[in-house]
């Protein structure tokens, strides 16, 4: 009896195993018809063929990613393999690797050089995402007692890696002015160096090359210098595998707008970061060009306001920058006596000028008079006058003027200073001729006038 029961179970099992999976294609519902073509085979089993470019077909194809087709490409969530700082998230249907909780850092310091003080304010994210973050530095002129016309030429950011290599993180040509105390420029540095997925940098420092004019005695001497700003904190960074993508053209103008009409704002397709290239002859391009001046474009040419020096102030008139005497400043008369014994002729000379000397309207009055004269001398002539400063000739006159016992005045102008004010140490050089016993004799002499403040004021 038991044998019959076992035989019956065996028959039922064989019948069940031989039951067909399908009779028609519509019987095959094991996979979604939106992504697979189902076929009932002659053996009555279901076969599923992936439909190309259909989400859910199990193949991560062109145009699909972890955000648009997680069934095929995997999910975009959780930490990035090999990183302790990066996580994956979907942004605009793209799987983006980024730091989950970046902390904004603001560092302020002051650096000094050649008597100047510059304030350095730096902003960056910690950890720093090399694919999206910027190292932003604002340089402000805090103090400049004796120097002027500062211009930031270039800057370089360096650091040490974990294996103690010194590398350059960024190098940038800047060429922008700091015209006055309190003026500033802001620069965005893209950190670009061979980077791992994540690591940290130490001994970070910013070197700033700049030019300026050293002012002494009213004279400007062009000079250059380098300032260095060291950062104490280590900077952790990440280098995610995100593609470099600029925003759509319609959004570039808004995203990259630096609010400066003198620059052309674009997105660099190689870095994905914004660029701000100077527009030639446009006010705001940091270069004083064409018809620009301190009144029409102070951002490029410098401000036309405030003190121009010890005696003058800047002011705009008819869109031109001029200098005016400060309120309360009056020119004081000066006279330098020159007793000059030339042998057979003895002269008493007076050299008169005002301090400050306004080159736009004042004259240097040179008064010559014969004090004594040998009877053998019949004629004395001042042939040439030169105003000298060292080996440089500032002015020249050729009066060929005969002088007598009555004072004769020869007036001569001084050149206007290159800037609003200057300080000169001029010397009067006089070339003369006299006739003695019907013979012409010539000679020359010089007389220093000391320091003279020269201005160019309306």
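In the stretch 261-279, what residues are under 25 Å from residue 80 (Cβ atoms) and surrounded by 13 or more Cβ atoms within 10 Å (Cβ to Cβ)? Scanning the stretch 261-279 gives 271, 272, 273.
Which residues, taken from the stretch 145-162, are free of Cβ contacts under 8 Å to residues at least 60 places away in the same chain and within 24 Å of residue 308 (Cα to Cα)?
Filtering the stretch 145-162 down to residues free of Cβ contacts under 8 Å to residues at least 60 places away in the same chain leaves 145, 152, 154-158, 160-162.
The answer is 145, 152.
Of all the criteria given as (1) farther than 17 Å from residue 275 by Cβ; (2) buried (at least 16 other Cβ atoms within 10 Å of the Cβ); (3) over 18 Å from the mean Cα position of the chain (by Cα), the one not satisfied by residue 118 is (3). Could you please let me know if residue 278 is farther than 16 Å from residue 456 by Cα, touching a residue at least 60 places away in the same chain (Cβ under 8 Å) and within 27 Å of the chain's Cα centre (by Cα)? Taking the combined requirement at face value, the residue does not satisfy it. Would a scan of the stretch 373-381 turn up a residue that is in contact with a strand residue (DSSP E or B) (Cβ under 6 Å, 6 or more places away or on another chain), free of Cβ contacts under 8 Å to residues at least 40 places away in the same chain and either buried (at least 17 other Cβ atoms within 10 Å of the Cβ) or assigned by TED's automatic domain parsing to the domain that holds residue 422 (or both)? Within the stretch 373-381, one or more residues are in contact with a strand residue (DSSP E or B) (Cβ under 6 Å, 6 or more places away or on another chain), free of Cβ contacts under 8 Å to residues at least 40 places away in the same chain and either buried (at least 17 other Cβ atoms within 10 Å of the Cβ) or assigned by TED's automatic domain parsing to the domain that holds residue 422 (or both). Would the stretch 326-340 turn up any residue that is under 26 Å from residue 145 (Cβ atoms) and in contact with a strand residue (DSSP E or B) (Cβ under 6 Å, 6 or more places away or on another chain)? Yes: one or more hits.
Of all residues in the stretch 281-296, which are in contact with a helix residue (DSSP H, G or I) (Cβ under 8 Å, 6 or more places away or on another chain) and without any contact (Cβ under 8 Å) to a residue 12 or more places away in the chain? If you could, list the steps in order and put the result at the bottom.
Narrowing the stretch 281-296 to residues in contact with a helix residue (DSSP H, G or I) (Cβ under 8 Å, 6 or more places away or on another chain): 283-289, 292-294.
Matches in the stretch 281-296: 289, 292.
With respect to the conditions (1) in the same structural domain as residue 170 (by TED's automatic domain parsing); (2) in a loop (DSSP other than H, G, I, E, B); (3) surrounded by 17 or more Cβ atoms within 10 Å (Cβ to Cβ), residue 282 lacks only one, and its number is (1). Among the residues making up the stretch 71-89, those that are within 22 Å of residue 34 (Cβ to Cβ) and surrounded by fewer than 18 Cβ atoms within 10 Å (Cβ to Cβ) are 71, 73, 74, 75.
As a summary of the residue check, residue 443 satisfies the conditions (1) touching a residue at least 60 places away in the same chain (Cβ under 8 Å); (2) part of a loop (DSSP other than H, G, I, E, B); (3) surrounded by fewer than 17 Cβ atoms within 10 Å (Cβ to Cβ) except for the one numbered (2).
Answer yes if at least one residue in the stretch 198-209 is outside any strand (DSSP E or B) and in contact with a strand residue (DSSP E or B) (Cβ under 9 Å, 6 or more places away or on another chain), and no otherwise. Checked the stretch 198-209: no residue is outside any strand (DSSP E or B) and in contact with a strand residue (DSSP E or B) (Cβ under 9 Å, 6 or more places away or on another chain). Checked against the criterion of being out of contact with any helix residue (DSSP H, G or I) (no Cβ under 8 Å at 6 or more places or on another chain) and under 20 Å from residue 92 (Cα atoms), the candidates 69, 20 yield just one match: 69. When the residues of the stretch 415-440 are filtered to those that are buried (at least 20 other Cβ atoms within 10 Å of the Cβ) and modelled with pLDDT of 95 or more, the one that is nearest to residue 365 (Cα to Cα) is 428. Note on the stretch 390-412: residues that are in a loop (DSSP other than H, G, I, E, B) and surrounded by fewer than 13 Cβ atoms within 10 Å (Cβ to Cβ) amount to 7. Selection within the stretch 230-260: residues that are more than 16 Å from the chain's Cα centre (by Cα) and under 26 Å from residue 211 (Cβ atoms). The member of this set that is surrounded by the fewest Cβ atoms within 10 Å (Cβ to Cβ) is 230.
Does residue 387 fit the bill of being in the same structural domain as residue 347 (by TED's automatic domain parsing), surrounded by 14 or more Cβ atoms within 10 Å (Cβ to Cβ) and more than 48 Å from the chain's Cα centre (by Cα)?
On the way: in the same structural domain as residue 347 (by TED's automatic domain parsing): yes; surrounded by 14 or more Cβ atoms within 10 Å (Cβ to Cβ): yes; more than 48 Å from the chain's Cα centre (by Cα): no.
Against the criterion (in the same structural domain as residue 347 (by TED's automatic domain parsing), surrounded by 14 or more Cβ atoms within 10 Å (Cβ to Cβ) and more than 48 Å from the chain's Cα centre (by Cα)), residue 387 does not qualify.
The values are calculated or read from the model by the stated rules, or taken from the named source; none is laboratory data. Keep in mind the model is a prediction, meaning the values are calculated, not measured. When we count neighbours, we look across all protein chains shown, and the Cβ atoms used for this are built from the backbone with ideal geometry, even at glycine.
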